[in-house]
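Reviewing the structure listed below.
The values are calculated or read from the model by the stated rules, or taken from the named source; none is laboratory data. Quick caveat, the model's predicted, so the values are computed rather than measured. Note that we place each Cβ from the backbone using ideal geometry, even for glycine, and neighbour counts take in every protein chain shown.
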Amino acid sequence: MKFRDYLKVNSLEEFEQAVASVEGPVLLLAGGSDILVQARDHRFKDHTVIDVLKVEALREIKETDGYLEIGACAKQEEIAQSPLVKRYAPILAEAALSVGSLQIRNHATIGGNIANASPAADTLAPLAVLKAEVLVLKDGTEQRMSLLDVIAAPYKTNLGDRDLILKVFVPKQAESVRYNYTKLGRRKALSISRMTMATLLELDAEGVVTKFEMTVGATFPKPMLFPDISDMLVGKKPTEEDIVKVARSLSDKIPEIAGVRASTRYKQPVCRRLSERILKELIEGEQDA
Ligand SMILES: Cc1cc2nc3c(=O)[nH]c(=O)nc-3n(C[C@H](O)[C@H](O)[C@H](O)COP(=O)(O)OP(=O)(O)OC[C@H]3O[C@@H](n4cnc5c(N)ncnc54)[C@H](O)[C@@H]3O)c2cc1C
């Protein structure tokens, strides 16, 4: 495992100084759980590593008026156990808890999960349905971007190598918002996702849908939202037929967007059946624990 140089920074000021001092490619390092695996083939031998994990300003999880603000270096385990995340975005707490093992979750950060841009990253589908935004420090200026715009393609972002994710803004969800996060892997524990499903649903007192977002992860080249699918239920009191239509339309996105691949044969029918089951359970009020 080789790097050109290694710099550790303890504050954002030190980060900016370090970035200004480095010539050649930079590799930002947080928990290292993706990088240390990737670095085994020496692909980063010309890179100067800037280790940002100890920057206190990147670790905080706090609430403001409409948002949860999650520092880019918050660990998956901290997110999974955070009372604020459990209260205002429980789907994200559940997804974070599904990442790897406890040892991995104690290294793995949310910023790293986003910037690594793996289609199998567990937090991406929940962050998509939550309509999360990301605050990025770019050439000394802060820029707020939709998560969907940060990720360009599998393992590719629209960020430069010196662009630092500072925090993730997650709109706070009302207690009335029901959610489901489902992760399918090859085995029950410690598995990399083959497919994930993230759903948010809110009904009013009459059973009319006031909010609906549903997406599939580990399936498309990047996290996606489907306003046409949301429109199929919002403003309606869903019938059995509506649910079947949503499930069919969502599962049809798989070949439409990802093309017909070996996995389509199982992903499409699994997505259809799971969507139906999730929607029925959410509408009937069987909320996740
Ligand atoms: C055994 C094992 C099991 C795993 N299981 C899962 C799993 O079940 N689900 C899952 O989703 N992932 C899993 N992962 C992948 C990994 O743990 C996560 O993607 C993790 O969240 C990455 O965070 P990190 O801090 O370790 O990232 P790092 O390895 O430090 O960095 C990853 C990438 O993000 C960039 N980066 C990091 N922080 C920032 C920042 N603040 N701004 C800009 N760029 C940044 C780095 O430059 C690098 O390109 C697993 C990994 C291992 C080794």
query: Considering Asn158, Asn116, which residue is near the ligand (Cβ under 9 Å from one of its atoms) and surrounded by fewer than 22 Cβ atoms within 10 Å (Cβ to Cβ)?
result: Asn116
- line: Restricted to the stretch 227-272 and to residues being free of Cβ contacts under 8 Å to residues at least 12 places away in the same chain and among the β-branched types (Val, Ile, Thr), the residue farthest from Ile283 (Cα to Cα) is Val260
- request: Answer yes or no as to whether Glu77 is within 11 Å of the ligand (Cβ to nearest atom), in contact with a Lys or Arg (Cβ under 7 Å, 6 or more places away or on another chain) and assigned by TED's automatic domain parsing to the domain that holds Ala132.
  value: yes
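Kindly state which strands (runs of 3 or more DSSP E) lie completely within the stretch 112-231 and contain at least 1 residues that are closer than 30 Å to Ser11 by Cα.
Numbers: elements: 133-138, 141-146, 151-153, 164-171, 178-185, 193-203, 209-217.
Filter on the stretch 112-231 gives 133-138, 141-146, 151-153, 164-171.
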Residue that is modelled with the highest pLDDT, among those in the stretch 92-111 that are in a loop (DSSP other than H, G, I, E, B), within 8 Å of the ligand (Cβ to nearest atom) and over 23 Å from Tyr179 (Cβ atoms): His107
task: Please specify each residue of the stretch 8-25 satisfying the condition of being within 20 Å of Gly71 (Cβ to Cβ) and either touching a Ser or Thr at 6+ places or on another chain (Cβ under 6 Å) or crowded, with 17+ Cβ neighbours inside 10 Å (or both).
output: Val9, Phe15, Ala18, Val19
message: Condition first: exposed (fewer than 14 other Cβ atoms within 10 Å of the Cβ) and in a strand (DSSP E or B). Now tell me which residues in the stretch 32-83 satisfy that.
response: Lys62
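Identify, please: which residue in the stretch 235-278 is over 26 Å from Asp204 (Cβ atoms), polar (S, T, N, Q) and part of a helix (DSSP H, G or I) and is, among those, modelled with the lowest pLDDT?
In the first step, residues of the stretch 235-278 are kept if they are over 26 Å from Asp204 (Cβ atoms); the result is 251-273.
Keeping just the survivors that are polar (S, T, N, Q) gives 251, 263-264, 268.
Narrowing the set further to residues that are part of a helix (DSSP H, G or I) leaves 251, 264, 268.
Working: Ser251: 97, Thr264: 79, Gln268: 93.
Within the stretch 235-278, the match that is modelled with the lowest pLDDT is Thr264.
Looking at Asp65, Asp41, Asp34, Asp46, which is the one that is among the acidic types (Asp, Glu), within 10 Å of the ligand (Cβ to nearest atom) and outside the structural domain of Ile192 (by TED's automatic domain parsing)? Don't jump to the end; show me each part of the working.
Values: Asp65 fails: within 10 Å of the ligand (Cβ to nearest atom); Asp41 fails: within 10 Å of the ligand (Cβ to nearest atom); Asp46 fails: within 10 Å of the ligand (Cβ to nearest atom).
It is Asp34.
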- prompt: Of everything in the stretch 21-31 that's within 11 Å of the ligand (Cβ to nearest atom) and not in a loop (DSSP other than H, G, I, E, B), which residue is farthest from the chain's Cα centre (by Cα)?
  reply: Val26
